[in-house]
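Asker: I'd like to ask you about the structure that follows.
The values are calculated or read from the model by the stated rules, or taken from the named source; none is laboratory data. Only a predicted model underlies this, so the values are computations on that prediction, with no experimental measurement involved. Glycine also receives a Cβ, built like all others from the backbone with ideal geometry; neighbour counts cover every protein chain displayed.
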Amino acid sequence: MNTNKNLSQHIKIRPLTTSDYPTVLKWSQDAAFCSANGWQLNRSPEELYRWWLKCVSNVTKNFIRMGIEFNKKLVGYADLACINDKSAELGIAIGDSQLWRKGIGFYSAICMIEFASQQLGVTTFNAETHEANVRSRKMLEKLGFEEISRLGSEEYLGKNSQLIQYNLSTEELWKC
């Protein structure tokens, strides 16, 4: 994985917009992305658009989805879910599977952690991934997350894989 700190200068998080839809439509046609993220492959463009409108306009106190830009192009999204007091669950999805293994998810996670710390006062982050998702596990561990529990198995990339929960407690603000 590329961990060049210069990469972080080309990554930012931003609010999602309806104009992001054509990019999201491309992601929905990427079998690797859909399988890894639990998206139904070959969704109708109309249904996907209705879902995307909900993602863009659905403002709640306990969930935030932001777009990930790399070189000023939308390449994925970052989630904060189950936001409660000073904790939140972090999720990262890079939409173009050709951009996997380049460090974009790692630096995007740092940006989202920084955002959550500064804007929401979050100091405890939770995350979960499948045992078979080695890329995600390595990213979380590199960020300082520690495994806290293993849950039952669910399907991941067509196979049963145990779900692993992680936790990160930090008072330190990371700069993106």
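Asker: Go through segment 103-149 residue by residue and tally those that are among the hydroxyl-bearing types (Ser, Thr, Tyr), touching a Gly at 6+ places or on another chain (Cβ under 9 Å) and more than 15 Å from Ile164 (Cβ to Cβ).
Answerer: Here the count works out to 1.
Asker: Looking at (1) surrounded by fewer than 16 Cβ atoms within 10 Å (Cβ to Cβ); (2) under 16 Å from Lys12 (Cβ atoms); (3) at pLDDT 90 or above, which is the one condition that is false for Ala109?
Answerer: (1)
Asker: Output the residues belonging to segment 1-31 that are modelled with pLDDT under 85 and surrounded by fewer than 13 Cβ atoms within 10 Å (Cβ to Cβ).
Answerer: Those that are modelled with pLDDT under 85 and surrounded by fewer than 13 Cβ atoms within 10 Å (Cβ to Cβ): Asn2, Thr3, Asn4, Lys5, Asn6, Gln9.
Asker: Would you check which residues across segment 131-164 are crowded, with 16+ Cβ neighbours inside 10 Å, assigned to a strand (DSSP E or B) and at pLDDT 80 or above and list them?
Answerer: Passing the criteria: Leu163, Ile164.
Asker: While we're looking at this one, here's another question. Check Gly95, Gly103 and return the single one that is surrounded by 13 or more Cβ atoms within 10 Å (Cβ to Cβ), modelled with pLDDT of 85 or more and at positive phi. Full working, then the answer.
Answerer: Details: Gly95 fails: at positive phi.
So the residue among Gly95, Gly103 that is surrounded by 13 or more Cβ atoms within 10 Å (Cβ to Cβ), modelled with pLDDT of 85 or more and at positive phi is Gly103.
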